[in-house]
Every structure is written in structure tokens, then in C-alpha cells.
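Since the structure comes first, as C-alpha cells, the remarks are kept for the end.
The values are calculated or read from the model by the stated rules, or taken from the named source; none is laboratory data. Treat the numbers as computed from the prediction; the structure is a model and nothing was measured. So basically every Cβ, Gly included, is an ideal-geometry build from the backbone, and we count neighbours across all protein chains shown. Accessible surface is based on the protein model in full, side chains and every heavy atom, while ligands, DNA and RNA are left aside. Shrake-Rupley method; radii C 1.70, N 1.55, O 1.52, S 1.80 Å.
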Amino acid sequence: MARSVQTSSNFRDALLRHLTYTMGKDPEHAQPFDWRMALSHAIRDRIVDTWVASTRKTYEQDGKRVYYLSMEFLIGRLLEDGIFNLDMVEEAKEALESFGMDMRTILDDEPDAALGNGGLGRLAACFLDSLSTIGCPAYGYGIRYENGLFKQSFVDGCQVESPETWLQEPHPWEFERPEVRINIGFGGDVHFENGKTVWRPAEMIQAEAFDTPIVGWQGRWANTLRLWAGRAVDPFDLDLFNSGDFAAASEHEALARTISRVLYPEDSNEAGKELRLKQEYFFSAASIRDILRRFDSQHNDLKLLPEKIAIQLNDTHPAIAGPELLRILHDERGLSFEEALHITHHCMNYTNHTLLPEALERWDERLFGRLLPRHLDIINRIDDAHYKANPHRTLSARSDGQVKMGELSFIMANRVNGVSALHTDLMKQTVFKELNALHPDRIVNETNGVTPRRWLHSCNPALSGLITETIGEDWIADLEQLEKLEPSIEDQGWLDRFTDVKNANKAALCDYVAGVHGVNLNPEAMFDIQIKRMHEYKRQHLNILETIAHWQEIRDNPTADWVPRVKIFAGKAAQGYHFAKDIIHLINDVAKLVNADAATRDVLQVIFLPNYNVSLAERLVPAADLSEQISTAGKEASGTGNMKFALNGAPTIGTLDGANVEIRDHVGKENFFLFGMLADEVMQRRMMHDHAQQAINADPRLGRALEALRDGTFSPEDPGRYTHIADNLTWSDYFLVCSDFTDYWRAQREVDKAYQDRKAWAKMAALNTARSGWFSSDRTIHGYMCDIWGAKSLIP
Ligand code: NBX
Ligand code: IMP
């Protein structure tokens, strides 16, 4: 007790000190922003102590370092994360309260760092957390986007985008490193001089490092996230300035800064744009230089490289790091091409996150050659070497005038991995079929996971508290201990407390939605939630069609014993993805009509919450009763939202896709609402030319719901608004919404039935929590360390 009072008063002093000397404010006049900055600095000080100690230890031990190269890190907020990881919740709260400040208000003042689109970027953030918790010496490398993923709002139900501006106020978590500036070249030509190949770029942009410490659980270790920002090598043209052309004088600076200005908002479609390729090379090349510089500071034999570093390519976006490392080893450091290739190969690994053909990166070789002429030569030589070693096939990273980044990554990499068991199998059978036959040991599976610190302990403190009270707190860093909850689930008293927690979380969400959006949700209803990027393969339109059919059925028979539901959606659509945006519009239009319908509104509400991001997910996940994971089988590589919901006690209604398969195996098939075709049935069904019409003819409910789209029920002011959606589903329906509709309807009615027995439902929900321990990203990272990197923890 005495110790805690002591530290707590120390922390209060630290807070006041930062408010005074960092922010220059008097407590009486400080704004929430000032308190947030003061608190962030006070917490950051503690993190820095760990960070410095971890860096020292990394140098001393000189073990293998892991480098995670990713175009995206979808981190969200850092203050709450830091407070929880340092186990300082009570101290921070008390210190703030002693000044009359409410901690929640302060935490909610922080903008999200939205430097990612969705699953791929959030996975990278969970991995950083796990790497630090485990104590694996690791660095995240990415881009410091000035504008993260756009903000979404609705005007008359339509998505409107506006720029995200997280860096417009001071960001307390980063350290600028002006001493780490690296010039990155583009364009120009390649010469052969004195027996050496020399690339003379035509343009140079400088990469400047910004470091963010990433602290693990209980502050035992902290790694570095290093993000690169673009600057002009020569920011100011003095001649132009002196001649009076002030705008032109600073043009360099503006051009260089565009490289890290904005995150491309496409999460499943390749932009194919020159600026995108420049971004990829910019951060990959800067990272490779930095990695080699660090290696050189401790070693002088490049042959040791594979023993000392492991590079993970998060999808193909950083794939150019391979040819870049090879180029430096060969052109600049004088190794033979074969030796350089051998070393590069043993350092590089590649994670694939999607099989969707439109998401696979391919570059026009003229564009590629214009920007990176030497790399194009090197890719040709990599291809030749691969062909020489495997003469029976013609598998190439270059064909049809394109550079194919998937094939290039596969050929370069020592290990290639998929992100769920099903996805890894499908990789072997489809996109990498021939390459897998040549290199049967190269592909491995590492099923995704999520960090239990953010996705249970901090976002759901009430459930975390109940769990800790029941089984102790070791589960936070060893999530499979959740299975120790199972005996308690047999105890009705415990189960009631579990249900109380869920109800309190739902009530808190209701307060938030009422306060921010002015909509009153029924807290007694089942909260049925689908939150993720908008995409046809994720089938938000299957969900809303079933909702429409359900609404029609309730209207037919309003006095029946309906199970009340609130249907909650959230997710952004890429700006240019018109069909996805129309689905958002449709859901908003359905919500408008249904929520106003006196005959149904007590048992059915629909809401689309704007601007889905990590913080909103942290509010929604703990309040969910039902998790919608309804992608067309074979299309969702893994999913990680599915894991967050299961962990927080929301059973899934879902297809056998991605990690749903493994979730169902773990939680038990009786605790998972399965529906829909399997991946191979999907492929078969698609061969039938009239699959959609057959499904529509066989199910009058589906026909009637589609009719409501056609007759303007939801858009009387513009009756033709949704005809094209109905037409698409009737005549093409690539994602098989119609073919899966009837079985989805059946599964939803099973859900209704199950939810009516609240005791049985609570048990099912609690079993989802108790059996989801395997889906910790700690387990995933242990898998990478052991199967791919050969890296070790430095925490004793
Ligand atoms: O990666 C996602 C998959 O769709 C999920 O199933 C999976 O759980 C997650 C993590 O493995 N893929 C994804 O998010 N892709 C992208 O974000 C992406 C971003 C830019 C781009 C292509 C894909 N050009
Ligand atoms: P980097 O690894 O060179 O990027 O440096 C990261 C941090 O580690 C910087 O603060 C360096 O000053 C520090 N650092 C560099 N070399 C050593 C070392 O040999 N032991 C401990 N820290 C080091």
C-alpha cells in the first residue's frame, strides 16, 4: 500500500512537471489537450527507460534482429495502450483525478494513428505489440504518412471522404532523428565503369527517420517502429529565390514531401500508379540502408547477414527490398551476383495476404524501368538464375510486359507464408501452384492472431477483470490460459456475471451512439455486428438483403414472438469503388425506413456508424452478441476481426473461410453458426451460368427482398437508385450472394432461437472466450520466430 501511494504521488509530480515545463501551462488553465500531452510525456518517460535498456541489450547480445517491412501500420491510439502495458491504469487515473480530470476524456482526445487500410495494417500493429511482449529484438519499418486513411462521413446516406490530419497537432510518441537521413534515387541510367555497374539516378529524395517506441506487456521490453518521411535533398533553390520566383524555389521540397503525404486508400485493388511505386521503393530502400548500416556497425563479414537479420515482407509492397539488397551487395559491396543472391535469399521472407487477382501487384515494365532501371536488370538476372536452377519450367517474375511482384517475392524469399490454414492450402493450389511444386518446402502457414492486451484487456476492462479474478492475470501474456475458465462456465453465478459484463458494455455503446449520433438503440436486443472494409467479397449486401427479408417478414406478422435485433455496420469503401459505396448508401436508406417503422422498430433496428477505425472497433467488439463473418468461401485470407469478437464473447455466424475454419475448430461447432458453400463448392457453383436465378427462383424471400431494391421501397425519391444492385445480383453475382442466401437465412433463424435461451447463449458466448486463447498474436509471432526467422527472445 505504502509503495503504491509513493509511486502514485511520484507519478502525479511527473504529470504536473510535464504540464508545467513541457506544455507551459498552469493546471487551472490547462485544456484536455494539455493534460493529454502531459500524461503522454509522463508515460513516455517510463517507456523510454525500457526502450534504452532493450536497445542496449540488443547490441550486447547481438542476436538475430527481425525487420518487419510494411507499407501500413494501423496502430490506433498509443496513450491508453502505454498505460495498460505499463500496468499504470490506477496510478494515471488517480493522478488525473487529483487535478479534477477524467481519464476517459483525456484518452479520447487522442487521434488515431490510421496509417493503414485494414487487416494487413492492423496485423502489423498487433505483431509489434507481440514482438515487444515476447522480447524479440525487432524493428518495424514503414512510411510516416502525413495523412492517414481518409475520414468517412455521410451526407444523405452517401459516403463522403475528407483528409485525415493526425499530424496537424503535436504527436508526442515520435522522436525525430535528423541524424538519420538517407538519399534515395529514382530514374536516370545505368553505366558500366571500371568493371563495375553504376546506377546514376536522375532524382533524389531524402528519407528522414522518425522513431516510436513500442512497449510490450509490463514494460519489460520495447522495440522501435521507424517511419520514413520524405524531404528535399536540397530544399531551397537559391538561384530561383534570388531571381524572385519564390514559389518555384521551394518546389523541390513540395515534390519530395508528396512521397510520404498520403496513404493509398485501396485495400484490395492495386493502384498501379507511379507515386505508389515510388513510395514502395522509398521506404524499402531507406530501410535496407539502415539495416546494413546497423549490421556494419557490429560486423565486417557480409556472409554473416542471414545469421544476424531476418526481413519479413508484409505482402509484396516492400518486395523491391529484395533486389535493392542484392544491388547493394553486388554493385556497391563487390560480392558476386550469385553470392549476393544467396545471401539475399536467406534474409528475405514474404507473407501473402490475399488471393484476389485484382490485389496482386504487377507493374508495367516501362514504368518500372523508367523509375528503377538497375532493379529491372537485377530482376531479369534473378529470373535467369531461377530458370537455370529449375530448367524444366518457365516461371517468371517478368512476363507480358509486367513485373510480377508476387512471383518475384516468392522466388526471392526463403519462406513464404499464408495467414490461415485454408488460405495457405489455397495458395498452394492456385496462385503459387507451379512455384510450390518446384519449392515444396518454401510455403508455411502462420495463422494470424490479435494482441490480447489491446483486444481484451484494455478494450474490455470489465471482462478482463472478471477473468483475472477467476484465473489470475497470467492469461494476459499467455492467452491459452483462458481455457481455465471452463469449469466456471458451469457455475450459473459466474455466468450471470459474464452476462452482466456484456450488458454493461452494450449499455456503454448505447450511451455513445445516443450521445454522438442521436440514435437510441435498444440495449435489450441482440447486437449483431459486421465491421470491416466494404467489399463485395465480404458481402455486406448479403447481410442487408437478409435484413430486408427479415423486416418484410416481421411486417407480415408483427405480433409474432420476434427476437429483437440491432444490426450494426461500419466500414470504409475505397473512394473509387462505386459499388461498395452504393451498398453503404443502401444500408443507410434501409436504416432510415426501418428505424422509422412503428410496426417493426421495437424488434429491428439498423445503423451504419461512420468512420470505422481502431478506436471505434474497441467500443464495438466488447458490446457484440453476434459476429458476422460471411465472406464468399475462399476469398477472406484469414480475418482478424473474427478473432476479436470470439475472444470478447460473441459467437460467429460465418462461412468456412479464412480463420473462421480454425475458430470453429477451437470453440466447437455447436458454438458457431455455420452456413454457406465451401471453397470448392463455390468454384463449382460459379461454373453454372444461371446460379443466381436458380437461387432466386427457389427462395421467394430472396426474390421479394430483391424486388424491394427494384421498386424503390428504400429510395422513393429516386426509385431507380438500387436497380443496378439487384441486377448485378440477379445476372452476375460473382460473390454468390444469392446462392448462399437461403442457408444464411436458416442460420440466422437458428441464431434467433439460440438467443431466446439466454442461459444457453451466455454459455456459448463464454465458451467462445475460453477457447479463443490460441488466436493470440503472441502465438503467431512464436510461430514466425521458430519456423521462419530463427530469432530468440532476449527477456530472460
Ligand atoms: O489481411 C487482409 C486480408 O483480407 C484478411 O483476410 C487478413 O486477415 C489480413 C491480415 O492477414 N488483407 C489486407 O488487409 N490487404 C490490404 O490491406 C491491402 C492493402 C493494400 C493493397 C492490397 C491489399 N494494395
Ligand atoms: P541504431 O540501432 O543505430 O538505429 O540506434 C538506435 C539507438 O541505439 C540509438 O539511440 C543509438 O544511439 C543506440 N545505440 C547505437 N549503438 C549502440 C550500442 O552499441 N549499444 C547500445 N545502444 C546503441
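Some notes on this structure:
- Residues that are part of a strand (DSSP E or B), closer than 27 Å to His330 by Cα and away from ligand 2 (no atom under 16 Å from the Cβ) occur at least once in region 139-161.
- Failed criterion for Ala207 (all others in (1) outside any strand (DSSP E or B); (2) within 16 Å of ligand 2 (Cβ to nearest atom) hold): (1)
- Candidates are the residues of region 291-314 that are part of a helix (DSSP H, G or I) and open to solvent by 40 Å² or more (accessible area, probe 1.4 Å); the one that is nearest to Ile443 (Cα to Cα) is Glu307.
- The residue that is surrounded by the fewest Cβ atoms within 10 Å (Cβ to Cβ), among those in region 535-548 that are touching a Phe, Trp or Tyr at 6+ places or on another chain (Cβ under 7 Å) and farther than 26 Å from Gly649 by Cβ, is Tyr537.
- Residue match in region 283-290 (condition: in a helix (DSSP H, G or I) and within 16 Å of ligand 1 (Cβ to nearest atom)): yes
- Filtered residues of region 42-98 (kept if within 16 Å of ligand 1 (Cβ to nearest atom) and at negative phi): Tyr68, Leu69, Ser70, Met71, Glu72, Phe73, Leu74, Ile75
- Comparison of Arg44, Arg77, Arg56 shows that the only residue that is over 23 Å from Ser793 (Cα atoms) and within 16 Å of ligand 2 (Cβ to nearest atom) is Arg44.
- Subset of region 172-204 [open to solvent by less than 40 Å² (accessible area, probe 1.4 Å) and in contact with a His (Cβ under 9 Å, 6 or more places away or on another chain)]: Pro172, Thr197, Trp199
- Note on region 757-777: residues that are touching a Lys or Arg at 6+ places or on another chain (Cβ under 9 Å) and of a type in the set (A, V, I, L, M) amount to 3.
- Residue under evaluation Gly783, criteria (1) of a type in the set (Gly, Ala, Ser); (2) open to solvent by less than 10 Å² (accessible area, probe 1.4 Å); (3) under 26 Å from Val667 (Cβ atoms), criterion not met: (2)
- Scope region 241-269; condition open to solvent by less than 60 Å² (accessible area, probe 1.4 Å), away from ligand 1 (no atom under 16 Å from the Cβ) and more than 28 Å from Gly82 (Cβ to Cβ); matching residues: Gly244, Ala248, Ala249, Ser250, Glu253, Ala254, Ala256, Thr258, Ile259
- Against the list (1) farther than 29 Å from Asn117 by Cβ; (2) open to solvent by less than 10 Å² (accessible area, probe 1.4 Å); (3) within 16 Å of ligand 2 (Cβ to nearest atom), the condition Ile288 fails is (1).
- Just one of (1) open to solvent by 20 Å² or more (accessible area, probe 1.4 Å); (2) in contact (Cβ under 8 Å) with a residue 60 or more places away in the chain fails for His18. It is (2).
- Residue match in region 211-223 (condition: without any contact (Cβ under 8 Å) to a residue 24 or more places away in the chain, more than 16 Å from ligand 1 (Cβ to nearest atom) and surrounded by 17 or more Cβ atoms within 10 Å (Cβ to Cβ)): no
- Which listed residue is closer than 30 Å to Lys592 by Cβ, assigned to a loop (DSSP other than H, G, I, E, B) and under 31 Å from the mean Cα position of the chain (by Cα), from Gly712, Gly676, Gly658: Gly676
- Odd one out for Val751 among (1) touching a strand residue (DSSP E or B) at 6+ places or on another chain (Cβ under 7 Å); (2) among the aliphatic types (A, V, I, L, M); (3) open to solvent by 20 Å² or more (accessible area, probe 1.4 Å): (3)
- From the list Pro523, Pro440, the lone residue that is open to solvent by 10 Å² or more (accessible area, probe 1.4 Å), more than 27 Å from the chain's Cα centre (by Cα) and not assigned by TED's automatic domain parsing to the domain that holds Ala766 is Pro440.
Residues checked against (1) surrounded by fewer than 20 Cβ atoms within 10 Å (Cβ to Cβ); (2) not acidic (Asp, Glu); (3) not in a helix (DSSP H, G or I):
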| position | (1), (2), (3) |
| --- | --- |
| Phe33 | yes, yes, no |
| Leu39 | no, yes, no |
| Ala42 | no, yes, no |
| Met71 | no, yes, yes |
| Ile75 | no, yes, yes |
| Phe84 | no, yes, no |
| Lys93 | yes, yes, no |
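- Taking region 99-150 as the range and being open to solvent by 20 Å² or more (accessible area, probe 1.4 Å) and within 13 Å of ligand 1 (Cβ to nearest atom) as the test, the residues that pass are Gly119, Leu120.
- Flag if Gln279 is within 16 Å of ligand 1 (Cβ to nearest atom), crowded, with 16+ Cβ neighbours inside 10 Å, in the same structural domain as Cys347 (by TED's automatic domain parsing) and closer than 29 Å to Val66 by Cα: yes
- Pairs with Cβ under 7 Å, 6+ apart, first in region 309-336 and farther than 14 Å from Tyr141 by Cβ, second within 16 Å of ligand 2 (Cβ to nearest atom): Ile328/Ile288; Ile328/Leu292
- Scanning region 643-655 for residues that are open to solvent by 10 Å² or more (accessible area, probe 1.4 Å) and more than 14 Å from ligand 1 (Cβ to nearest atom) yields no hits at all.
- Flag for Asp528 being open to solvent by 20 Å² or more (accessible area, probe 1.4 Å) and either under 18 Å from Val160 (Cα atoms) or part of a strand (DSSP E or B) (or both): no
- The C-beta contact set for region 344-355 (first residue open to solvent by 10 Å² or more (accessible area, probe 1.4 Å), second residue among the polar types (S, T, N, Q), distance under 7 angstrom, 6+ apart or interchain) comprises His345/Asn414; His346/Asn414; Thr354/Ser268; Leu355/Thr430.
- Odd one out for Arg454, checked against (1) charged (D, E, K, R); (2) at pLDDT 95 or above; (3) surrounded by fewer than 18 Cβ atoms within 10 Å (Cβ to Cβ): (3)
- For region 662-687, the set of residues classified as within 13 Å of ligand 1 (Cβ to nearest atom) and crowded, with 21+ Cβ neighbours inside 10 Å consists of Ile663 only.
Residue by residue, here is whether (1) outside any helix (DSSP H, G or I); (2) under 26 Å from Ser396 (Cα atoms); (3) within 28 Å of the chain's Cα centre (by Cα) holds:
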site	(1), (2), (3)
Val431	yes, yes, yes
Asn436	no, yes, yes
Trp455	no, no, yes
Ala462	no, no, yes
Ile467	no, no, yes
Thr470	no, no, no
Trp475	no, no, yes
Glu486	no, no, no
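- Residue check: Trp745 meets all listed conditions (1) in contact with a strand residue (DSSP E or B) (Cβ under 7 Å, 6 or more places away or on another chain); (2) crowded, with 18+ Cβ neighbours inside 10 Å but one, namely (1).
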